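J.: One structure, as structure tokens, below. Some questions next.
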Amino acid sequence: MLVCVCVYQLVSLHKSDIVTSTHWVTDVDFKIVMPCSRLVKNQNKASMALAESKPNLSHLQVSELVKRLFDLTPSQIHPLPSYDDQNFRLVVSEDNEYVLKVMNSEDSQNPTLLELQTHAMTFLHERGLPAQTVLHTTSGQVMSLEDIDCGFGMQKYLVRLLTYLPGTTIAKVPCSPQILYEAGKMAAKMDTVLQEMEHPQLHVLQREKFLWSLSNIPLLEPYLHLMDGDPVQQVVKSVIQLYKTCVQPKLGSFRKCINHGDFNDHNILVQPDDSTAYKISGILDFGDMSSGYYVFELAITIMYMMIENPTPLDVARDVLAGWESVIPLNEAERDALYLLVLCRFCQSLVVARHTVVQHPENKDYLMITTKTGTHHLCRLWELGKEVVERRWFQNAAQDSGLQAQEV
């Protein structure tokens, strides 16, 4: 993500519990209102707590765990990147590969949200969308809470085994208009299907303190001091103010749905469809799921597809054309889209500053990667809503016409 996609690859920001009450960027306890000196001290303590909450299973422990819980014997075990959890790609046979996910001990205390995310993946898969599915334990559970000693004494970790999806992330292939169109179309299909999902714990997805929800943009304000001295701070402040005056009053005009919330170029897998095209083969990472609105998902998708694209201002044209082939925007949604894309950039930039404070050893890397996001945000802001919308919507209409002719 912007920085945060890049950060995800490096430190895997665990956004599923970034809230403004008792947790932040990487699940560490703190109080929002405190002097900076106290904040730094608490961050140091929290970093230690986080390190102790992360699982650190050996390959032998993984083999024994998989055998006991799933009656499987992996022939190969490959660690996968993760900051606060531990993930492994398991090869059981030539045709059977899985992903073992061991959640950190902090998140393992909230099994309801994790169970709901797992349910959503299965729901999508059963309706023909390329999401992972869970392999039940031998006792029929979708996950198991295990007591494991990873060097800090016995702690409880939630364990799941998911199917391994083939493909390459969009981030690693040339991002053509065709891929962008398919990404927009898939995002719309996904939210349409998720809105049909039933579950007794759906209320858990309200997540009113979730910093990454586009419903909660004003919650960024207590963090803005971290941008002191940076000219982009004023842009972020202005975007937040416009959100409060131009978007919040109109939320009732947006159509509600359940958002994936992190439909980015590292969470979408593709495979070659023919010599010139790709098809989407996988949707990953449901940790940001929350109740929201269709237009939120579209804005998030556009923002993330812009990050590494050589012509970022043209990205929305193709994503929007794909999206509207499934769900045409209403007038209020269309009017808010530009500002919502800016809001997502602001979320990523602000959270990145948090990460720099907590992980100063990664400062050089993080500050380099923020440059792209800052450039895009400032460019969109300087051009203004009217100019950007004209480029997005007129071109999207043309693109939709071309797609229709091809069909």
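J.: Hey, which of these cross-link pairs are over 32 Å Cα-Cα: LYS67/LYS189; LYS54/LYS172; LYS156/LYS244; LYS256/LYS279; LYS189/LYS250; LYS101/LYS385?
T.: LYS67/LYS189; LYS156/LYS244; LYS101/LYS385
J.: If contacts are Cα pairs under 8 angstrom and at least 6 residues apart, what is the relative contact order of the range 242-357 in percent?
T.: Contact order relative to length: 28 percent.
J.: Let me ask something else. I'd like to compare 189-199, 157-167: which one has the highest average count of other Cβ atoms within 10 Å, and what's the full order after that?
T.: Top of the packing list down: 157-167, 189-199.
J.: Give, rounded to the nearest 20 debye, the magnitude of the charge dipole that the range 59-144 has about its Cα centre when Lys and Arg contribute +1 at Cβ and Asp and Glu contribute -1 at Cβ.
T.: For the range 59-144, the charge dipole is close to 100 debye.
J.: Extending each Cα 7 Å along its Cβ direction at LEU224 and ARG391, get the distance between those two points in nm, one decimal.
T.: If labels sit at LEU224 and ARG391, their model points lie 2.6 nm apart.
J.: Right, next: For LEU226, LEU116, give the ranking by accessible area with the largest first, probe 1.4 Å.
T.: LEU226, LEU116
J.: Give, in nm to one decimal, the length gained when the segment between ASP147 and LEU80 is fully stretched (0.36 nm per residue of separation minus the Cα-Cα distance).
T.: So the chain would gain 21.9 nm between ASP147 and LEU80.
J.: Using packing as a proxy for protection, rank 239-248, 304-313 so that the peptide with the highest average count of other Cβ atoms within 10 Å comes first.
T.: For the peptides 239-248, 304-313, the packing ranking is 304-313, 239-248.
J.: From largest accessible area down, sort LYS156, LYS385, LYS101; use a 1.4 Å probe on the protein chains.
T.: Heavy-atom accessible area, descending, gives LYS156, LYS385, LYS101.
The values are calculated or read from the model by the stated rules, or taken from the named source; none is laboratory data. Because the structure is a prediction, the values reported are computed rather than measured. Virtual Cβ from ideal backbone geometry, glycine too; neighbours counted across all protein chains shown. Accessible surface is based on the protein model in full, side chains and every heavy atom, while ligands, DNA and RNA are left aside. Shrake-Rupley method; radii C 1.70, N 1.55, O 1.52, S 1.80 Å.
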